[in-house]
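Data first, discussion second: the structure below is written as structure tokens.
The values are calculated or read from the model by the stated rules, or taken from the named source; none is laboratory data. What you see is a predicted model; the values in this text were computed from it and never measured. When we count neighbours, we look across all protein chains shown, and the Cβ atoms used for this are built from the backbone with ideal geometry, even at glycine. These area figures cover heavy atoms from the full protein model, side chains too; ligands, DNA and RNA do not enter into them. Shrake-Rupley method; radii C 1.70, N 1.55, O 1.52, S 1.80 Å.
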2 protein chains.
Amino acid sequence: METYSIFRELAIILIAAKLLGILARRLNIPQVVGEIVAGLIIGPSVLGIVQQTDFLSQMAEIGVILIMFSAGLGTNLKDLKKTGAAAFLIACAGVVLPLIAGALLYMAFYGFAAVGTVEFFRAVFVGVILTATSVSITVRTLHEMGKLKTTLGTTIVSAAIIDDVIGIIVLAIVIGVGTGSGDTSISAVIAKNLLFFVVMGIGGVILYKIFQKLDAKYRHTQRIPIFGLALCMALSYIAERFFGVADITGAFCAGVILCNIHDSEYIDGKIIVNSYMLFGPVFFAGIGLKTNIQGVSGTMILFSVCFIAVALISKIVGCGATARLMRHSTLDSLKVGVGMMTRGEVALIVAQKGLAIGLIDSVFFTPVILLIIVSSILTPIILKILYRRNPVDTTASNP
Amino acid sequence: METYSIFRELAIILIAAKLLGILARRLNIPQVVGEIVAGLIIGPSVLGIVQQTDFLSQMAEIGVILIMFSAGLGTNLKDLKKTGAAAFLIACAGVVLPLIAGALLYMAFYGFAAVGTVEFFRAVFVGVILTATSVSITVRTLHEMGKLKTTLGTTIVSAAIIDDVIGIIVLAIVIGVGTGSGDTSISAVIAKNLLFFVVMGIGGVILYKIFQKLDAKYRHTQRIPIFGLALCMALSYIAERFFGVADITGAFCAGVILCNIHDSEYIDGKIIVNSYMLFGPVFFAGIGLKTNIQGVSGTMILFSVCFIAVALISKIVGCGATARLMRHSTLDSLKVGVGMMTRGEVALIVAQKGLAIGLIDSVFFTPVILLIIVSSILTPIILKILYRRNPVDTTASNP
């Protein structure tokens with residue numbers, strides 16, 4: 001294949017992804033869904049004018065890393081400390097319940113499996129897909145209603161971020177255990193994972209100090225985002241190569257390490273440009289290229305419906321009940337639960353990871369994509385209804 | 001190879017390229033030279049910790065396209081019209097003289113070749129490498145001295161831009177003719193090239209109108225730079241695939257088509273971020289990865305010295321004499337000639353293109369890199385001396 005033929009594929013992907021992305025936004029569906037559908041249309045499922053190639057997969061992998069790095073950079077450790085315990089507990093419940101419910105749902109459809117079997121890990125993996133909240137839709141909705149800077153708003157956002165961190169740890173463990181060969185015991189895998197997070201903790205403090213010094217001296221210069229990106233790639237590699245932890249976990253950690261330096265927003269700005277200009281569309285359209293429409297059977301449609309129901313209800317119940325326990329009013333607790341139920345890119349990235357390591361089939365992209373669509377449409381509608389019933393949070397608002 | 005291993009290579013390239021780039025700037029050498037040396041050090045020539053892979057070549061190719069697109073976007077058609085004929089004639093002489101001198105130099109070293117033989121095209125290609133002025137060093141120097149907005153400054157910048165356009169046309173023809181199989185006559189290749197530029201001219205006007213409308217409606221939104229990038233990639237592909245014209249020519253044309261819409265700077269800003277964050281370092285370090293230090297013989301060192309002398313003198317004489325004919329004073333004409341003698345990225349990109357199509361050997365990177373270093377160091381020094389002799393241009397200054 002001639003080198004220049006990559007330009008044909010990239011041009012088609014960019015145009016199709018952007019056009020369908022714009023269309024999706026007009027329909028109040030997340031833009032990424034449009035980009036995925038673009039991939040479906042130009043890919044083997046419909047037109048067949050673009051094929052998945054090694055090059056496109058590698059570009060997509062960089063796209064994933066950039067998204068996770070950006071998510072890590074968006075973590076605000078200081079804010080997290082403020083909202084503290086409440087957000088943490090809400091996040092925990094919002095991870096555990098969907099994880100268990102998702103796994104049970106899979107088993108209900110595809111047979112119960114003994115703990116430790118591959119089939120068991122498939123089930124757990126389906127649960128893991130359900131753990132990560134995508135708070136962007138909620139943030140946009142709360143912002144529109146002027147409710148983002150309230151205690152309730154901050155709690156939801158903090159819980160969503162903590163839930164990302166917990167989700168990434170759970171993912172790391174499940175991947176480690178689920179793909180471990182017969183030789184590696186579960187305890188060894190967990191030990192390796194723990195070691196990774198310990199190394200990240202210690203190394204992270206040192207790296208943070210280094211970047212803080214760089215930042216003080218060279219604020220807003222090209223070197224800060226470039227070294228940041230290099231750190232992201234280095235940790236992605238180190239995570240997989242030496243600890244058997246997913247590369248996306250390393251990228252996320254790199255983001256968290258840098259999230260409190262002054263230039264973190266500056267770095268994120270540059271990363272976002274790289275992401276939306278090329279790598280992002282290649283990743284999301286790539287999902288469409290790989291999605292197997294022919295494989296969608298009657299069972300899969302039924303599974304998708306149940307999957308979506310389980311995904312939404314388990315978050316509302318898990319997060320809502322915990323919020324209620326933390327002495328929020330019932331209505332406010334419901335707002336928290338609904339605010340936490342949206343899923344987005346991270347769910348897809350996790351599913352994609354599962355496909356890459358052979359734990360799940362590409363046919364499972366369909367329910368995940370549908371979940372993103374449904375939750376993104378429902379969340380703003382329900383949140384607005386809840387706030388109309390009781391415009392002021394029972395809990396005090398921040399100024 | 002595991003997908004995640006690309007992150008190891010990219011991380012090493014980013015860190016090495018940025019560190020050496022910073023060092024180069026401290027030494028008043030262009031940053032790209034530092035990045036190339038970084039590639040030499042991490043590549044097979046020295047440490048051998050990074051190997052050239054298909055993936056890295058493809059990333060580098062995108063890097064080239066982005067640089068040429070950006071160069072096209074920087075063309076200001078309105079300014080060009082103003083300085084008009086003078087700049088055009090200076091540019092023509094600054095292309096023709098180095099082209100002939102470079103070809104003759106090659107023949108002097110490696111034997112005279114009959115017109116039409118492969119050896120002949122090798123010689124012509126070495127001449128083509130010498131055609132493109134890199135005006136950035138001159139612009140920075142003139143800017144520092146407050147002389148950029150003078151008639152002389154504008155003339156130099158305009159001539160450098162026109163010289164890019166002529167250079168790209170010459171490159172297109174030489175590649176077309178030099179790589180044409182026995183069946184294709186020179187006239188057929190030239191016809192194909194002419195057809196390409198005619199199609200670009202007509203299609204360009206239409207595309208310009210479309211983008212102008214898009215721009216008026218959606219200024220400063222993501223879609224403008226994304227569709228711009230898609231256009232760049234589409235034209236790169238179309239140029240090679242259907243006209244046998246180099247992809248970089250297509251990318252440059254895409255830039256020129258969009259250079260006069262309102263958002264051209266906005267597009268360029270996004271392209272530059274993509275370029276310096278990842279694709280640029282991969283391209284320049286990639287040159288280092290491919291450069292064959294072992295191949296540098298005594299002859300090559302002597303060739304390099306002559307190559308640099310020919311490169312500098314042919315531009316000074318070609319551009320300077322033409323400026324003198326246009327009734328600039330002798331000193332001002334010398335300023336024009338010196339201002340036009342710097343070479344940069346485009347010379348490397350042309351050399352790289354020659355390597356890709358098998359017209360020249362990677363050993364020729366060495367003289368090109370040395371030319372960039374020497375011309376970039378000499379130009380500011382000589383320009384400052386010339387301006388010290390006569391601080392005011394003889395020609396009237398613009399306000």
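Descriptive notes on the structure:
- Full-extension gain in nm, B:His220 to B:Thr117, via 0.36 nm per residue minus C-alpha separation: 32.0 nm
- Rounded to whole Hz, the Karplus (6.51, -1.76, 1.60) HN-Hα couplings of the range A:254-268, x for glycine and proline: 4, x, 5, 4, 9, 5, 9, 7, 4, 8, 4, 5, 5, 4, 4
- Inter-copy label distances at B:Gly201 (7 Å, Cα→Cβ; nm, one decimal): 7.0
- Here the Karplus curve 6.51 cos²θ - 1.76 cosθ + 1.60, taken at θ = phi - 60°, turns the phi angles of the range A:370-383 into couplings of 4, 4, 4, 5, 4, 5, 6, 7, 6, 3, x, 4, 5, 4 Hz, with x standing for Gly and Pro.
- Cα gyration tensor shape of the range B:279-351, rounded if a/c is under 1.5, else prolate or oblate by comparing a/b with b/c: oblate
- Within a Gaussian network of chain B (alpha carbon springs, distance under 10 Å), most fluctuating of B:Ile261, B:Ile168, B:Ile49: B:Ile49
- Peptide B:240-250 has a mean shielding of 2, counted as Cβ atoms of other protein chains within 10 Å of each residue's Cβ.
- A/B buried area, accessible surface, summed, 1.4 Å probe, Å²: 4400 Å²
- With label points set 7 Å from Cα along Cα→Cβ, the inter-copy distances at B:Ala114 are 8.3 nm, sorted shortest first.
- Taking amide H atoms as placed 1.01 Å from N in the peptide plane, the amide H of A:Thr342 lies under 5 Å from those of A:Ser134, each 5 or more residues away in sequence or on another chain.
- Residue (of B:Leu105, B:Thr299, B:Gly320) at the positive-pole extreme of chain B, dipole from beta-carbon charges: B:Gly320
- Cβ-based charge dipole, the protein assembly as shown, positive-most Cα from B:Leu348, A:Met341, B:Thr155: B:Thr155
- Look at the Cα gyration tensor of chain A: its axes a ≥ b ≥ c give a/c under 1.5, and that counts as rounded.
- Exam field: B:Lys384 pseudo-label spacings to other copies (7 Å along Cα-Cβ), nanometres: 6.4
- Probe 1.4 Å, accessible area per residue of chain B, Å²: 39 Å²
- Contact order relative to length of chain B, as percent, for alpha carbon pairs under 8 angstrom and 6 or more apart: 29 percent
- Considering the rotation that superimposes chain B on chain A, the residue of B whose beta-carbon lies nearest the axis, and that distance in Å, is B:Val273, 2.
- Inter-chain neighbour count for A:268-279: the average number of beta-carbon atoms from partner chains within 10 Å of each residue's beta-carbon is 4.
- Given R0 = 22 Å, the distance between the Cβ atoms of A:Ile190 and A:Arg140 translates into a calculated FRET efficiency of 0.05.
- Between A:Gly84, A:Gly167, A:Gly74, the residue with the greatest mean-square fluctuation in the GNM of chain A (Cα pairs under 10 Å linked by springs) is A:Gly84.
- Unit charges at the beta carbon, dipole of chain B: most positive-side option, B:Thr117, B:Val64, B:Phe211: B:Phe211
- The range A:243-399 - percent of accessible surface contributed by carbon and sulfur, probe 1.4 Å: 66 percent
- Gaussian network model of chain A, Cα within-10 Å springs - most flexible of A:Thr151, A:Thr221, A:Thr291: A:Thr221
- Charge dipole (debye, nearest 20) of chain A; +1 at Cβ of Lys and Arg, -1 at Cβ of Asp and Glu: 1180 debye
- Across peptide A:11-23, the mean count of Cβ atoms from other chains lying within 10 Å of each residue's own Cβ comes to 4.
- Global form of the range A:250-399, assessed from the alpha-carbon gyration tensor, a/c cut-off 1.5: oblate
- Taking 23 Å as the limit for the C-alpha separation, the pairs A:Lys217/A:Lys270; A:Lys149/A:Lys217; A:Lys353/B:Lys18; B:Lys78/B:Lys213 exceed it in the case of A:Lys149/A:Lys217; A:Lys353/B:Lys18.
- Carbon/sulfur fraction of accessible area - the range B:1-132, other protein chains in place, 1.4 Å, %: 65 percent
- The charge dipole of the range A:298-399, taken about the Cα centre with unit charges on the Cβ atoms of Lys, Arg (+1) and Asp, Glu (-1), comes to about 320 debye, rounded to the nearest 20.
- Viscosity 0.890 mPa s, 25 °C: Kirkwood-radius Stokes-Einstein D of the protein assembly as shown over Cα pairs, µm²/s: 86 µm²/s
- 1.4 Å probe, heavy atoms, protein only - residues of the range A:221-238 losing at least 40 Å² accessible area vs chain alone: A:Gln222, A:Arg223, A:Ile226, A:Phe227, A:Leu229, A:Ala230, A:Met233, A:Tyr237
- Each Lys and Arg Cβ is given +1 and each Asp and Glu Cβ -1; about its Cα centre, the protein assembly as shown then shows a dipole of about 2280 debye.
- Vicinal HN-Hα couplings computed from phi for the range A:99-105 (Karplus, 6.51 cos²θ - 1.76 cosθ + 1.60; Hz; Gly/Pro x): 4, 5, 4, x, 5, 5, 4
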